[in-house]
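Contents: one structure, followed by commentary.
The values are calculated or read from the model by the stated rules, or taken from the named source; none is laboratory data. These numbers come from a predicted model, not from an experiment. No Cβ is skipped: glycine too gets one built from the backbone with ideal geometry, and neighbour counts run over all protein chains shown. Note: accessible area is taken over every heavy atom of the protein model, side chains too, but ligands, DNA and RNA are not part of it. Shrake-Rupley method; radii C 1.70, N 1.55, O 1.52, S 1.80 Å.
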Amino acid sequence: MEQGVLQLTLTWDGRRIVAAAVASTRPAAARALRGLPLERALEVVPRLFGICRFAQEAAARLSVCAARAERSAVAATTLAAALAVALEAIGEHLWRLLLDWPPLCGQAARQSEFLRWRKQLLAVDDAAAAAALGGRLDAWLDAETTPLSEQRQAVATVLLLPRLSAAEWAAQLDAEAIAGLPTVAGQPAETGALARHAAKPELAALVASGQRTQARLAARYADLRWLAQALAAPAQLSAWLDAAAVADGCGLARVETARGTLLHRVELDGDRVARYLIVAPTEWNFHPQGAFVRELGGSPARTRAEALLAARRVALSLDPCVPCELAVNDA
């Protein structure tokens, strides 16, 4: 299945970005699961997504177990999937921080360093290896410095998505429209590392001063620190994923990813999928009235190149799971 793109359009008047818009060509992947036998659906889910495959697979299996009211299976799946989901998130964070962010901050990409970490991540095959990797990552973070992005947001941005359990989400995710244009309390929201760690004083200070992009960068390091330390205490990783029965034959799973909260909701018809909904972090962060649109509106940009750079930084800080196409229109 084609992954689609995010079409990001800026309107620029020669001095500032007057407005921004988001249009998505991402396919509704969950619709491809309707009518499939359950076992086939569970095989298909990881193949539908090029990014966060372990998280997507875990969410699918957990939602099905919850729909079947298999509590012991939910617990076993959570335990089995937690390490894979955590390692996947670490790899995604390192990809962004070592490869994608440096060029946008005037530095060279740290490709060889990323490849060394990737090799280590792929070599983890048990709890002892995971704990050892966590120790090395924790020590590496001690010597790291967050790249600087002095970009400031001129207008109020969206709420940060609250940390809700699967049971709490079950009451929210009950309509098809929510999957494509998700809101919380009727408002668009931002998910991701910043939402998870917003209570940290240093991040709260950055948000309060309008440095939302810098706060997201710093939050990635905070997320990596938490994950590194959790590798040595695997029970903590269970906080990253859970599931709940919504009704008879209906279950919902929540899995945290590097990009934010991922939700799967499945309704069963015997041993087949009757209805399936997926809300991925990109649907939150690139909502048509969401963070990207609000933060760029009114941003100063003396040249077209400055406007594009500002948009690339905000987009990368919100971490889309598909490619972005950027365009600038004259006001």
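Looking for something within 23 Å of the chain's Cα centre (by Cα), surrounded by fewer than 20 Cβ atoms within 10 Å (Cβ to Cβ) and without any contact (Cβ under 8 Å) to a residue 60 or more places away in the chain - is there at least one such residue anywhere in segment 2-18?
Yes, that holds for at least one residue.
Exactly one of (1) open to solvent by 30 Å² or more (accessible area, probe 1.4 Å); (2) more than 20 Å from the chain's Cα centre (by Cα) is unmet by CYS324. Its number?
(2)
What do you reckon, is VAL158 at pLDDT 90 or above and open to solvent by less than 30 Å² (accessible area, probe 1.4 Å)?
The answer is no for VAL158.
Return yes or no: is GLN153 over 30 Å from ALA28 (Cα atoms), modelled with pLDDT under 95 and surrounded by 14 or more Cβ atoms within 10 Å (Cβ to Cβ)?
yes
Each row is one residue, and each column tells you yes or no for (1) of a type outside the set (Gly, Ala, Ser); (2) closer than 22 Å to ALA247 by Cβ; (3) modelled with pLDDT of 85 or more; (4) in contact with a helix residue (DSSP H, G or I) (Cβ under 6 Å, 6 or more places away or on another chain).
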site	(1), (2), (3), (4)
GLY4	no, no, no, no
ARG15	yes, no, yes, no
VAL18	yes, no, yes, no
ALA21	no, no, yes, no
SER24	no, no, yes, no
ARG34	yes, yes, yes, no
VAL44	yes, no, yes, no
ILE51	yes, no, yes, no
GLU57	yes, no, yes, yes
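Run ALA315 past the list (1) in contact with a strand residue (DSSP E or B) (Cβ under 6 Å, 6 or more places away or on another chain); (2) at pLDDT below 95 and report the number of the one that doesn't hold.
Checking ALA315 against (1) in contact with a strand residue (DSSP E or B) (Cβ under 6 Å, 6 or more places away or on another chain); (2) at pLDDT below 95, the one that fails is (2).
Out of all the residues in segment 277-309, which are touching an Asp or Glu at 6+ places or on another chain (Cβ under 8 Å) and of a type in the set (A, V, I, L, M, F, W, C)?
Those that are touching an Asp or Glu at 6+ places or on another chain (Cβ under 8 Å) and of a type in the set (A, V, I, L, M, F, W, C): LEU277, TRP284, ALA291.
Yes/no matrix, rows are residues, columns are (1) touching an Asp or Glu at 6+ places or on another chain (Cβ under 8 Å); (2) open to solvent by 80 Å² or more (accessible area, probe 1.4 Å):
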{"residue": "VAL64", "(1), (2)": "no, no"}
{"residue": "ARG68", "(1), (2)": "no, yes"}
{"residue": "LEU79", "(1), (2)": "no, yes"}
{"residue": "LEU94", "(1), (2)": "no, no"}
{"residue": "LEU98", "(1), (2)": "yes, no"}
{"residue": "PRO103", "(1), (2)": "no, no"}
{"residue": "GLN107", "(1), (2)": "no, yes"}
{"residue": "TRP117", "(1), (2)": "no, no"}
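Kindly provide the set of residues from segment 1-25 that are assigned to a strand (DSSP E or B) and of a type in the set (A, V, I, L, M), ordered by number.
LEU6, LEU8, LEU10, ILE17, VAL18, ALA19, ALA20, ALA21, VAL22, ALA23
Could you tell me which residue of segment 283-309 is nearest to ARG26 (Cα to Cα), considering only residues that are surrounded by fewer than 22 Cβ atoms within 10 Å (Cβ to Cβ) and of a type in the set (A, V, I, L, M)?
So the residue we want is VAL293.
Answer yes or no as to whether GLY50 is at positive phi, open to solvent by 20 Å² or more (accessible area, probe 1.4 Å) and touching a residue at least 24 places away in the same chain (Cβ under 8 Å).
no
State which residue is least open to solvent (accessible area, probe 1.4 Å) when the search covers only segment 183-216 and only residues that are of a type in the set (Val, Ile, Thr) and assigned to a helix (DSSP H, G or I).
THR213
Answer with yes or no whether LEU252 is within 25 Å of ALA127 (Cα to Cα) and not charged (D, E, K, R).
no
For every residue, the table says whether it meets (1) over 16 Å from the mean Cα position of the chain (by Cα); (2) within 20 Å of GLY249 (Cα to Cα); (3) in a helix (DSSP H, G or I).
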| residue | (1), (2), (3) |
| --- | --- |
| VAL45 | yes, yes, yes |
| ALA55 | no, no, yes |
| ALA58 | no, yes, yes |
| ARG61 | yes, yes, yes |
| VAL64 | yes, yes, yes |
| SER72 | yes, yes, yes |
| ALA76 | yes, yes, yes |
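Any chance segment 86-108 includes a residue that's touching a residue at least 60 places away in the same chain (Cβ under 8 Å), over 30 Å from LEU309 (Cβ atoms) and more than 15 Å from the chain's Cα centre (by Cα)?
No, because not a single residue in segment 86-108 is touching a residue at least 60 places away in the same chain (Cβ under 8 Å), over 30 Å from LEU309 (Cβ atoms) and more than 15 Å from the chain's Cα centre (by Cα).
Looking only at segment 217-273, filter to residues that are among the polar types (S, T, N, Q) and open to solvent by less than 20 Å² (accessible area, probe 1.4 Å); which one of those is farthest from ILE90 (Cα to Cα)?
THR261
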